[in-house]
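See below for the structure under consideration.
The values are calculated or read from the model by the stated rules, or taken from the named source; none is laboratory data. Just so you know, these numbers come straight off a predicted model, no measurement behind them. All Cβ positions, even for glycine, are placed from backbone atoms using ideal geometry, and neighbour counts span all protein chains on display. For the accessible areas, the whole protein counts, side chains as well, though only heavy atoms, and no ligand, DNA or RNA atoms are used. Shrake-Rupley method; radii C 1.70, N 1.55, O 1.52, S 1.80 Å.
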Amino acid sequence: MSLRPILIHHYPRLKTVADAVPEVDDTIRRLADDMLETMYDAPGIGLAAPQVGVGKRLLVMDCVKEEGAAPRPMVLINPEITWSSDDLNVYEEGCLSIPEQYADVERPAEVRVKWTDVDGKDHEEQFDGLWATCVQHEIDHLDGKLFIDYLKPLKRQLITRKMVKLKKERAREGA
Ligand code: K1U
Ligand code: ZN
């Protein structure tokens, strides 16, 4: 397993719709392992393949937050939302591709999602709470959408400018 660099907004791959995974093979399993390691290292509760520069419909997440509780690493390949609740929930979201920026986003409180796992087995499950927020945030990444796309244009532009500045600083530090 190895850590993969996380792309920072503004980057074309983050705004592109990812392609379906046609077959679950060892390359996909290695990508999933690397993404889980990268997510835990960040640390984060989710990560989508486009964030590590791979335009494939694959995401990982683990929203277990309780101290001492067993982790629940999940890999969702070709995830699809099959049902969304009318009830909405507001959560102050962050994003590993938009470091240190947070904003309230309103989304369906519960969603049903179907996906394929790393063994090629199909699943369907209902998510609520932070799991529901996270899986929607990650599926948005697969559709080239960021949480700042839900904000007013002025706030979005402000955050985008901060990210451009951050990327320039990081490039200077690395040079
Ligand atoms: O997709 C990502 O960029 C990861 C993102 C997922 C997410 C966060 C909040 C709401 C919805 C989706 C993150 O993991 S940001 C970091 C974060 O939330 C966190 C980090 C450490 C402990 C707990 C949370
Ligand atoms: Zn994100």
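Scanning the range 24-48 for residues that are more than 16 Å from ligand 2 (Cβ to nearest atom) and of a type outside the set (Val, Ile, Thr) yields Asp25, Asp26, Arg29, Arg30, Leu31, Ala32, Asp33, Asp34, Glu37.
Is it fair to say Glu125 is open to solvent by 60 Å² or more (accessible area, probe 1.4 Å) and either at pLDDT below 95 or assigned to a strand (DSSP E or B) (or both)?
Spelling it out, it is not the case that Glu125 is open to solvent by 60 Å² or more (accessible area, probe 1.4 Å) and either at pLDDT below 95 or assigned to a strand (DSSP E or B) (or both).
Six or more apart or on different chains, Cβ under 7 Å: which pairs go from a residue in the range 32-60 that's outside any helix (DSSP H, G or I) and basic (Lys, Arg) to one that's open to solvent by less than 50 Å² (accessible area, probe 1.4 Å) and within 14 Å of ligand 2 (Cβ to nearest atom)? Could you list them? Going by the 7 Å Cβ cut-off, the qualifying pairs are Lys56/Ala18; Lys56/Ala49; Arg57/Ala18; Arg57/Leu142.
Going through Leu166, Leu158 one at a time, which residue ends up being away from ligand 2 (no atom under 16 Å from the Cβ) and at negative phi? Selected residue: Leu158, the only one of Leu166, Leu158 that is away from ligand 2 (no atom under 16 Å from the Cβ) and at negative phi. Counting residues in the range 109-121 that are surrounded by fewer than 18 Cβ atoms within 10 Å (Cβ to Cβ) and at positive phi gives one or more. Open to solvent by 60 Å² or more (accessible area, probe 1.4 Å), aliphatic (A, V, I, L, M) and assigned to a loop (DSSP other than H, G, I, E, B) - does that describe any residue in the range 10-18? Yes, because at least one residue in the range 10-18 is open to solvent by 60 Å² or more (accessible area, probe 1.4 Å), aliphatic (A, V, I, L, M) and assigned to a loop (DSSP other than H, G, I, E, B). The condition (being of a type in the set (A, V, I, L, M) and more than 16 Å from ligand 2 (Cβ to nearest atom)) is satisfied by just one residue among Val105, Val118: Val118. With respect to the stated conditions, Val118 fails to be outside any loop (DSSP other than H, G, I, E, B), of a type in the set (A, V, I, L, M, F, W, C) and touching a strand residue (DSSP E or B) at 6+ places or on another chain (Cβ under 6 Å). Got a sec? Which of Asp149, Asp140 is at pLDDT 95 or above and away from ligand 1 (no atom under 13 Å from the Cβ)? So the residue among Asp149, Asp140 that is at pLDDT 95 or above and away from ligand 1 (no atom under 13 Å from the Cβ) is Asp149. The number of residues in the range 151-175 that are without any contact (Cβ under 8 Å) to a residue 24 or more places away in the chain and of a type in the set (Ser, Thr, Tyr) comes to 0. Residues of the range 53-78 that are more than 10 Å from ligand 1 (Cβ to nearest atom) and under 18 Å from Val24 (Cα atoms): Val54, Gly55, Lys56, Arg57, Leu58, Pro73, Met74, Val75, Leu76, Ile77, Asn78.
In the range 61-86, the residue that is farthest from the chain's Cα centre (by Cα) out of those that are closer than 16 Å to Leu142 by Cα and either within 12 Å of ligand 2 (Cβ to nearest atom) or of a type in the set (D, E, K, R) (or both) is Glu80.
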